[in-house]
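Let me begin by presenting the structure, written as structure tokens, before commenting on it.
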Amino acid sequence: MDEIVRQAVARAIVTMRDRLGERLTIDDLARAAMFSKFHFTRVFLRTTGLSPGRFLSAMRLAEAKRLLTTTTISVADISHQVGYNSVGTFSARFSGSVGVSPSSYRQLRGASPRIAERPDHRLPGATVRGQLHAMPPAEVGPVFVGLFPARIAEGLPARHTLVPGPGPYTLADVPPGSWYLITHAYGANPLDQYGQRPFTGLTGPVTIPVGVTARLADVRLRPRRGFDPPVLLALPDLRKAVAAHAVAV
């Protein structure tokens, strides 16, 4: 990635983070990046996989998730803190992206015991399988693997699974469509420089035409960067799973 582009996108993301409760326009973000509006939108999308507006919305919901699990601030106040004028709109968007309502997310302490998937389809599905590779080599704990319609883990995955760590995975009965395979995990060795650090991976789009029965898709797991969209879907507590694995070993 060109260093000038990297710095420009980083400036825009810092502006988003610092002004989550304010009304930000593409013009505001382009000025922060010191690019023209049209050039900024193109390079931001190429760098992060999302448009600036969608990335900002994801950051707002990610901050709401953090506040719900670390503070006692009311849902109404949190919605205003992250830039929503309507609590109803905030709750609807949070529920659609995270999979549970804000109050339920707080009660669950941020960990969902069950992840819903997209409704079953009438046509026979395909099997998507491949290998998860940790890069750089590191001990990585339980890995969430999911198929999503966009380059962000939000809403209902087409299919998902949890695997113990890097290695083979299989997703069965995947419906026809175009999907991004997204992974999320944490470093499993607390003595390692990547211990408990989040790892991510993405490949796609993985296209499943009608009638296709199998697809191969390998994924490289790497430490998360500031350019990666946040994980909005409420997942099982992978950190606790990692800790339990470390104790067992």
Selection status of F148, at pLDDT 95 or above, in contact with a Phe, Trp or Tyr (Cβ under 7 Å, 6 or more places away or on another chain) and either closer than 25 Å to R93 by Cα or polar (S, T, N, Q) (or both) | yes
A careful count of residues in the stretch 42-53 that are surrounded by 17 or more Cβ atoms within 10 Å (Cβ to Cβ) and either within 16 Å of the chain's Cα centre (by Cα) or under 30 Å from V87 (Cβ atoms) (or both) gives 6
Which members of the stretch 20-40 meet the condition of being open to solvent by 50 Å² or more (accessible area, probe 1.4 Å) and either without any contact (Cβ under 8 Å) to a residue 40 or more places away in the chain or part of a helix (DSSP H, G or I) (or both)?
-> T25, I26, D27, R31, M34, S36, K37, F38, H39
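Matching residues to (1) touching a helix residue (DSSP H, G or I) at 6+ places or on another chain (Cβ under 6 Å); (2) modelled with pLDDT of 95 or more:
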site	(1), (2)
L20	yes, no
F38	no, no
A64	yes, yes
T70	no, yes
S74	no, yes
V87	yes, yes
G99	no, yes
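For (1) touching a Ser or Thr at 6+ places or on another chain (Cβ under 6 Å); (2) modelled with pLDDT of 95 or more; (3) of a type outside the set (S, T, N, Q); (4) surrounded by 14 or more Cβ atoms within 10 Å (Cβ to Cβ), each residue gets a yes or a no:
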position	(1), (2), (3), (4)
N189	no, no, no, yes
Y194	no, no, yes, yes
G204	no, no, yes, yes
G211	no, no, yes, no
V219	yes, yes, yes, yes
D228	yes, yes, yes, yes
So which residues in the stretch 6-19 are surrounded by fewer than 18 Cβ atoms within 10 Å (Cβ to Cβ) and touching a residue at least 40 places away in the same chain (Cβ under 8 Å), if there are any at all?
-> R6, A10, R17
Just one of the numbered conditions (1) of a type outside the set (A, V, I, L, M); (2) open to solvent by 20 Å² or more (accessible area, probe 1.4 Å); (3) closer than 21 Å to E22 by Cβ is not true of R109; which one?
-> (3)
Note down all Cβ pairs under 7 Å where the first residue falls in the stretch 211-237 and is among the polar types (S, T, N, Q), the second is open to solvent by 20 Å² or more (accessible area, probe 1.4 Å), and they're at least six residues apart or on different chains.
-> T213/T127
Filtered residue count, the stretch 69-106, keeping only those that are within 17 Å of R239 (Cβ to Cβ) and either open to solvent by less than 20 Å² (accessible area, probe 1.4 Å) or within 18 Å of the chain's Cα centre (by Cα) (or both) = 2
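The values are calculated or read from the model by the stated rules, or taken from the named source; none is laboratory data. Note that the coordinates shown come from a computational prediction; the quantities given were computed from them, not determined experimentally. Positions of Cβ are backbone-derived with ideal geometry, glycine not excepted, and every protein chain shown enters the neighbour counts. Keep in mind that these areas ignore ligands, DNA and RNA; they rest on the heavy atoms of the full protein, side chains included. Shrake-Rupley method; radii C 1.70, N 1.55, O 1.52, S 1.80 Å.
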